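Taking it in order: structure first as structure tokens, then the write-up.
The values are calculated or read from the model by the stated rules, or taken from the named source; none is laboratory data. Please read all numbers here as calculations on a predicted model, not as lab measurements. Here Cβ is always computed from backbone atoms with ideal geometry, including for glycine, and neighbour counts include all displayed protein chains. Note: areas computed on protein heavy atoms with side chains; ligands, DNA, RNA excluded. Shrake-Rupley method; radii C 1.70, N 1.55, O 1.52, S 1.80 Å.
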Amino acid sequence: MNAIPRTLLPIAVVAVLLGCQAPAVDVPIQPHASQSPSLGEQVDRTRAELIVLPSADPIVGTLGEGTSVELVPSHPDAFIRVRHRMDVGQLSQAIQRATGGIGWVNSGAWDCGPAGYVNIPCTKGVDQFVKLAATLGVPDYLLSVTEERDAGPVFQKFLGDAARSACTKLVDAEVEKPPDERVLMVHASPEDTLESAPLAIDKNLSLLLLRYHGVKVTGPADPAIQRWRWLFQTIVKGTQQPVEGWRAVCIALIQHPDFYSY
Amino acid sequence: MTKRRTRRNFLMGSLAAGGALSTLGGLDPILRLAQAAEPAAGLKDRYYIFCYFGGGWDVLLSLDPRDPNQFNATNAETTRILPAYDLLDGAPDPFLIPTDYGFLGPYLGDLATKHADKISVVRGMNMETLSHDAGQKRFTTGKPPSGTQARGSSAVTWFSSLLGKQQIIPNLVSNSQVFNADQPTYASGIKVHSVNDLLRAVRGQDPSLPSFMDQQIDVLLAEAAQCQRSLSSPFRTAAELSRQKSVAMVSGNIDSYFDFAADTPEMAALRDHYVFTKNELHTGPARAAMAARSIISGVSRTASVSVVSGGLDTHFEDWKSIQGPRQRAGFDAIARMVEDLEEHEYKDTGASWMDHTNIVAYSEFSRTPLLNAKGGRDHWLGNAALMLGADIQGGRVAGASSNVGMQPMAFDPSTGLVDPAGEVMKPEHVLQTLFEGLGVTNDPADLRVSPITALLKK
């Protein structure tokens with residue numbers, strides 16, 4: 001296993017150099033090293049520093065006949081919408097929907113959560129979002145009445161746990177299912193790779209991006225699909241198992257802010 | 001006898017386990033971290049624990065009692081104060097505990113009987129709200145909230161910002177409210193409901209993946225966060241920083257400090273000392289232990305925990321049965337915390353962790369000095385608080401509530417005495433006192449009040 005990350009070294013360098021462009025899939029793979037954003041370098045930014053203000057000049061309008069006035073600023077950055085994290089109920093339902101009903105559930109009897117935690121659906125087994133509701137900021141409507149919806153470190157940890165749990169179960173289940181019953185490997189079979197069926201892989205990744213993130217991929221050259229193709233390919237090369245590639249893609253899709261925020 | 005044996009077991013277990021861990025190198029990363037976390041120039045090396053009594057405590061039973069011989073049913077119409085101690089289930093008799101600085105209520109528990117010389121009491125505080133939610137925000141930030149939105153950052157967030165950049169979890173929060181309005185992301189409160197949830201948050205991913213897969217997923221998410229679309233979004237940027245923080249929390253190997261259900265001599269002694277079982281990790285005593293351990297281990301700079309199991313919002317007959325015992329359990333948990341901090345040496349200096357830690361006990365408001373028609377007490381604007389620790393001169397009282405209706409009375413912060421020309425005590429006085437003790441005198445949190453210098457050590 002130690003040899004694998006070393007073979008992957010150059011690709012991460014390329015990934016960083018390319019910024020948002022995903023590296024080409026035939027480039028050797030490396031583990032991310034020091035090029036990723038350093039927490040130590042960034043954590044001391046204040047929130048104010050993180051806000052990028054639009055650089056467009058103020059629009060000056062004058063009243064009078066024949067004077068045209070722009071009603072909206074021309075600079076698109078002025079319309080960056082403030083994103084919000086899903087609440088816990090929405091997130092639980094979103095993961096269930098995306099994974100064909102699996103969700104983040106331990107085996108067991110039907111569970112509807114403690115009284116007071118609303119908007120979280122009943123599930124078969126213990127829904128871990130219900131179990132962790134208080135820690136994840138769901139109000140108890142006694143001492144707190146508003147849900148805390150920051151995507152903080154504890155939320156991120158449990159989101160990672162949820163993604164790993166749901167996606168592992170989903171992949172295990174889909175290997176046994178016929179194609180028309182799958183929700184993850186819809187257009188690609190569990191044996192397909194980028195070498196054997198590139199169009200099927202791209203078609204499946206496009207479907208997942210639309211399903212998980214609402215991103216419509218325009219074609220194989222669309223930058224939106226490249227990093228996901230890269231992830232799939234590097235995992236397949238490292239493990240020799242295409243289903244592990246789909247598992248990683250599923251987990252990363254759920255951990256990506258486009259999934260849990262709107 | 002049981003108590004003595006328990007305490008000895010606790011200390012011996014802690015020493016043995018600490019020695020073993022040190023020998024094995026188990027404490028090394030955290031101790032190195034604690035050693036490295038030196039405060040900025042001019043600031044003292046301080047740690048803070050805020051203990052929340054949720055629901056609104058009845059200060060007549062603990063911090064601000066009245067002599068039942070002077071305040072009773074015969075004159076309640078005049079005084080507007082009815083202690084009604086005789087109605088309480090199992091109330092001690094005599095009720096009041098005398099100290100050098102006046103009477104304390106018996107439900108202060110071991111803090112009144114064993115540590116009275118270490119605590120200081122703040123009385124006659126005006127909370128300016130009768131809402132649970134607003135009261136919490138009011139106390140922790142020192143500012144009235146705007147609707148349901150906190151205005152400003154909590155004091156612990158300020159302290160974490162000033163002192164806690166190197167800590168793995170600078171600002172640990174359990175069952176209380178903490179806000180970050182204007183401080184760096186690293187100072188934000190990391191909130192957990194119970195010790196178990198904290199343990200899950202700092203343990204490895206469950207289920208685990210091969211490290212290679214974790215790395216590749218991490219590469220993709222980190223790279224995606226470098227897109228212009230992500231960099232221009234404060235939400236996305238903060239989310240990615242938090243994701244990286246969660247990875248750091250897991251890789252810090254700090255879970256052993258909080259595995260209170262473990263079958264080890266150290267954890268058995270800890271449970272014995274704080275008086276909780278393996279199945280009571282969501283209770284006040286367990287959270288108190290979590291707070292103390294987070295400080296002693298160097299994991300946190302501040303800890304804000306609810307030390308009460310269940311609430312104190314006793315509007316009905318439950319005032320007679322649960323208000324006192326729940327308060328006492330909370331104050332006893334603080335007493336255990338004090339003993340725990342005192343018994344652990346601070347960074348090989350010969351001093352204890354208690355010599356570097358300030359503790360504040362608070363509630364969102366108090367309860368009416370008169371009983372309501374249902375035998376309980378409703379919300380009351382007046383309040384009290386308790387302070388002790390590194391910067392606090394024990395055995396003092398600052399401020400006072402009036403003997404008619406327990407109204408807040410103006411006081412002189414430099415003497416602590418009632419002064420009609422002085423200031424009305426508010427939560428920000430308590431917070432400003434902590435800032436002053438730390439060495440921060442330019443009021444960065446914009447509290448706009450004087451510190452209670454009468455309570456500060458010289």
### Query
Applying the selection to segment B:407-458, what residues are on the phi > 0 side of the Ramachandran plot and not small (Gly, Ala, Ser)?
B:ASP443, B:ASP446, B:ARG448
### Query
Among the candidates B:ALA262, B:ALA268, B:ALA288, which residue alone is farther than 26 Å from B:GLN216 by Cβ and out of contact with any helix residue (DSSP H, G or I) (no Cβ under 7 Å at 6 or more places or on another chain)?
B:ALA262
### Message
Just to verify a result, which residue in segment A:157-178, among those that are touching a helix residue (DSSP H, G or I) at 6+ places or on another chain (Cβ under 9 Å) and more than 16 Å from A:ALA94 (Cα to Cα), is surrounded by the most Cβ atoms within 10 Å (Cβ to Cβ)?
### Response
A:LYS157
#### Entry: Unmet criterion (only one of (1) surrounded by 23 or more Cβ atoms within 10 Å (Cβ to Cβ); (2) under 18 Å from B:LEU221 (Cα atoms)) for A:LEU209
(1)
### Query
Taking segment B:241-259 as the search range and keeping residues that are within 7 Å of chain A (Cβ to nearest Cβ) and free of Cβ contacts under 8 Å to residues at least 24 places away in the same chain, which one is nearest to A:ILE254 (Cα to Cα)?
B:ARG243
### Summary
Residues of segment A:207-247 being within 11 Å of chain B (Cβ to nearest Cβ), without any contact (Cβ under 8 Å) to a residue 40 or more places away in the chain and among the β-branched types (Val, Ile, Thr), in sequence order, are A:ILE235, A:THR239
### Task
Could you please give the count of residues in segment B:200-209 that are open to solvent by 10 Å² or more (accessible area, probe 1.4 Å) and facing chain A (nearest Cβ under 7 Å)?
4
### Query
Counting just the residues of segment B:86-139 that are surrounded by fewer than 22 Cβ atoms within 10 Å (Cβ to Cβ) and among the basic types (Lys, Arg), which one comes out nearest to B:GLY405 (Cα to Cα)?
B:LYS118
### Query
Can you tell which of B:ALA268, B:ALA335, B:ALA329, B:ALA292 is under 30 Å from B:LYS245 (Cβ atoms) and either outside any loop (DSSP other than H, G, I, E, B) or not polar (S, T, N, Q) (or both)?
B:ALA292
### Query
Quick one: B:PHE235 ticks every box in (1) within 7 Å of chain A (Cβ to nearest Cβ); (2) surrounded by fewer than 24 Cβ atoms within 10 Å (Cβ to Cβ); (3) in contact (Cβ under 8 Å) with a residue 12 or more places away in the chain; (4) not small (Gly, Ala, Ser) bar one, so which box is it?
(3)
### Task
Of all residues in segment B:352-386, count the ones that are open to solvent by less than 30 Å² (accessible area, probe 1.4 Å) and hydrophobic (A, V, I, L, M, F, W, C).
9
### Query
Are any of the residues in segment B:186-193 surrounded by fewer than 24 Cβ atoms within 10 Å (Cβ to Cβ), in a loop (DSSP other than H, G, I, E, B) and either modelled with pLDDT of 95 or more or in contact with a strand residue (DSSP E or B) (Cβ under 7 Å, 6 or more places away or on another chain) (or both)?
yes
### Query
Which number in (1) open to solvent by 20 Å² or more (accessible area, probe 1.4 Å); (2) closer than 23 Å to B:ALA286 by Cα; (3) modelled with pLDDT of 95 or more marks the one condition that B:LEU27 misses?
(3)
### Residue check for B:MET406: open to solvent by less than 30 Å² (accessible area, probe 1.4 Å), part of a strand (DSSP E or B) and among the aliphatic types (A, V, I, L, M)
no
